[in-house]
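S.K.: If you scroll down you'll find the structure; I have some questions about it.
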Amino acid sequence: MVVTLIVLLSVTGFVMDLQGVAMSPLVGVVVADLGLSTMEITWAMNSLLIGGAIAVGLTSRLGDIGGHRRILIILTLCGLVGSLLTALAVNGMMLTVGRFLQGLAVATPLAWGMIRPRATASQFQLAASILSLVICIFTPISLVLGGVFLEFGYSWKGIFWILTAAYLAMLILAVISPETPVEHRANVKIDIVGAIGLGVWLTALLLSLSLFRAYGMTHPLTLSLFVGSIVVFAAWIAHQRGHVAPLMDFRNVDVPQMLGGYLGLVQTTICASSLYILLPSMLRAPVETGHGMGLSMLWASMPLMSMLPGAIFSPLLARKLVPIMGPRLPMVVFGFISTLSFVGLICLMDELWHAYLWVFVYGLGTGGCYAIGWTLVASSARPDNMGLVMSSMAITSKVFGALTVALVLMALDPGRGGATTEVYQMSYLAIGASCLVLFALAPIIMVPKWLRDIFTDSPVVLEK
């Protein structure tokens with residue numbers, strides 16, 4: 001049964017990956033096909049983030065309290081309906097609603113919650129390695145898939161028919177999977193105010209970051225959303241600190257280990273959110289710029305595929321090294337490898353094969369840090385708050401991902417023509433520096449020397 005649950009977890013990772021990135025290269029085609037305005041396509045793209053912001057905290061905690069499987073089935077049905085609506089969309093409203101319903105279907109934290117009570121520590125680490133492997137593999141494939149659709153003139157709606165089939169597979173797996181045992185659920189009432197507050201401040205923050213790249217920070221709407229998110233966040237923190245059973249319940253969680261894992265996951269989000277924009281953009285630029293190679297979208301995206309060998313090998317290697325050496329030293333080593341890839345993108349990018357080389361190195365280093373990050377976070381949670389811990393990671397990644405994309409697009413400033421070589425080099429330098437700090441140096445302090453599985457060491461379920 002654990003095998004079925006690991007497969008379910010992997011499918012949720014594939015779905016989240018595909019619907020999160022595959023549409024990005026197709027924005028121009030969608031706008032032309034449906035006749036959308038700039039505002040309409042902005043809302044259609046942002047509706048996925050909004051749905052996730054509204055749902056992730058509430059649904060994950062509902063799973064911890066009432067059973068992960070039943071909530072997962074409901075969310076899968078939402079995602080299935082959303083995929084069908086988007087695949088059949090004839091206007092911006094159908095597209096926006098469909099993407100919003102897909103955003104509601106934040107399923108990965110719930111799948112983790114179903115695995116936690118049944119898996120051994122070794123099986124749990126295997127699940128973390130497989131999930132990181134699936135995400136590392138399908139992120140570049142999803143981006144290249146968009147390029148294939150553009151290159152060969154296929155309908156962009158094919159992406160959502162693939163997602164429809166994936167949601168059907170997820171639904172079947174969820175139906176045949178066992179529910180979380182009652183003894184491993186949280187015996188508390190749901191913090192409704194905390195859940196609403198989380199959705200409000202997170203939605204406002206993500207929208208402000210998304211509109212920042214379209215209108216700038218001084219635009220009244222952008223500024224109002226950003227300030228509003230800070231005010232609501234402060235009130236939400238005060239509520240959480242005073243509530244007897246807060247939505248974000250981290251009691252008896254190995255918080256230092258969890259935060260160490262967040263380092264690997266957040267920095268991977270920063271790397272991916274920037275590299276997947278910067279490298280294709282650079283390679284598509286005219287040769288006359290000095291850094292461009294005049295490639296089409298498909299061939300400019302193809303170097304991202306070279307991360308696959310490294311991304312496949314490094315999680316497997318990390319799974320072997322962590323029990324022997326602990327998580328700290330492997331993450332530091334993988335972190336330096338990841339940093340090296342961005343140094344290479346700055347110093348040696350004269351030929352196309354150099355891009356393939358450095359992306360391979362990137363996959364080797366970042367894939368290892370990502371796998372270790374998943375293992376640390378997954379091992380730090382109690383069975384009755386597994387969904388909560390994973391949803392907190394998803395929230396953190398969404399915020400840093402949206403901020404990174406906003407900053408990268410601001411640096412490239414595509415509305416004013418192509419960026420200069422110096423812009424790309426400074427961008428790679430900034431990402432490489434963040435890799436050095438968060439992947440290689442911070443883990444020396446924040447990542448524990450040895451992995452502790454809190455469920456194995458202390459299988460106590462808090463009750464209220």
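The values are calculated or read from the model by the stated rules, or taken from the named source; none is laboratory data. Just so we're clear, the structure is a prediction, and the values are computed from it rather than from any experiment. Cβ sites come from the backbone with ideal geometry, for glycine too, and all protein chains shown count toward neighbours. With ligands, DNA and RNA removed, areas are computed over all heavy atoms of the protein, side chains included. Shrake-Rupley method; radii C 1.70, N 1.55, O 1.52, S 1.80 Å.
S.K.: When the scattering of region 80-200 is computed by the Debye formula from its Cα atoms alone, each counted once and equally, what is log10 I(q)/I(0) at q = 0.17 Å⁻¹?
M.R.: Taking Cα atoms of region 80-200 as identical point scatterers yields -1.13.
S.K.: Let me ask something else. Just tell me the longest site-free run in the chain, where the sites are GluC sites (Glu not before Pro) in a DSSP loop having at most 15 other beta-carbon atoms within 10 Å.
M.R.: 1-178
S.K.: Measuring with a 1.4 Å probe in the full set of protein chains, what accessible area per residue, in whole Å², belongs to the chain?
M.R.: Accessible surface, normalised per residue, equals 38 Å².
S.K.: Show which aspartates and glutamates lie in cross-link reach of residue 157 when reach means a straight Cα distance below 13 angstrom and same-chain residues fewer than eight apart are skipped.
M.R.: Cross-link targets: 33.
S.K.: Here's a follow-up. Determine the dipole magnitude for region 1-122: charges of +1 sit on the beta-carbon of Lys and Arg, -1 on that of Asp and Glu, nothing else is charged, the reference point is the Cα centre, and the result goes in debye to the nearest 20.
M.R.: So the dipole magnitude of region 1-122 works out to roughly 500 debye.
S.K.: In addition: Using only DSSP helix segments of four residues or longer, with each worth -39500 (n - 2.57), what per-residue ellipticity at 222 nm results for the chain after dividing by its residue count and rounding to 500?
M.R.: -25500 deg cm²/dmol
S.K.: At 24 angstrom or more along the helix axis (alpha-carbon based) and mean Kyte-Doolittle of -0.5 or higher, what helices does the chain contain? Whole DSSP H runs only.
M.R.: 2-21, 38-66, 68-87, 121-152, 158-176, 192-215, 220-242, 255-284, 307-325, 328-347, 352-379, 386-412
S.K.: Here's something else I'd like to know. Please report, in whole Å, how far the alpha carbons of region 125-269 spread along each principal axis, starting with the longest.
M.R.: 57, 50, 28
S.K.: Let me ask something else about it. Could you pull out every residue, at least 5 positions away or on a different chain, whose amide H is within less than 5 Å of the one on residue 187? Hs are placed 1.01 Å off N in the peptide plane, and Pro or chain starts have none.
M.R.: Under 5 Å from the amide H of residue 187 lie the amide H atoms of 464, each far enough along the sequence or on another chain.
S.K.: How large is the convex hull of the C-alpha atoms of region 46-101 per residue, in Å³?
M.R.: About 53 Å³ per residue, rounded to a whole number.
S.K.: What aspartates and glutamates could a cross-link reach from residue 398, if we take a straight Cα to Cα line under 17 Å and drop same-chain neighbours fewer than 8 places away?
M.R.: Counting by Cα, and skipping residues close in sequence, residue 398 has these aspartates and glutamates nearby: 17.
S.K.: For region 232-342, build the charge dipole from Cβ charges (+1 Lys, Arg; -1 Asp, Glu) around the Cα centre, then report which of 242, 280, 334 sits farthest towards its positive end.
M.R.: Checking the options against the dipole of region 232-342, the answer is 242.
S.K.: Could you work out how far apart the two model spin labels at residue 122 and residue 351 are, taking each label as a point 7 Å from the Cα in the direction of the beta carbon, and quote it in nm?
M.R.: 4.6
S.K.: Report D for region 200-275 in µm² per second (integer): Stokes-Einstein, Kirkwood Rh on Cα pairs, 25 °C, 0.890 mPa s.
M.R.: Answer, rounded: 167 µm²/s.
S.K.: Another question about this same structure. Could you check how much of the accessible area of the chain is carbon and sulfur, as a whole percent, using a 1.4 Å probe?
M.R.: C and S fraction of accessible area: 73 percent.
S.K.: Largest first and to the nearest Å, give the Cα extent of region 297-413 along each principal axis.
M.R.: Each principal axis gives a Cα extent; for region 297-413 these are 51, 36, 23 Å.
S.K.: On to the next question. If you project the alpha carbons of region 240-316 onto the principal axes, what extent comes out on each, in Å, largest first?
M.R.: 62, 32, 19
S.K.: Related question: In µm²/s, what is D for the chain at 4 °C and 1.567 mPa s, where D = kT/(6 pi eta Rh) by Stokes-Einstein and Rh is the Kirkwood radius from Cα pairs?
M.R.: 58
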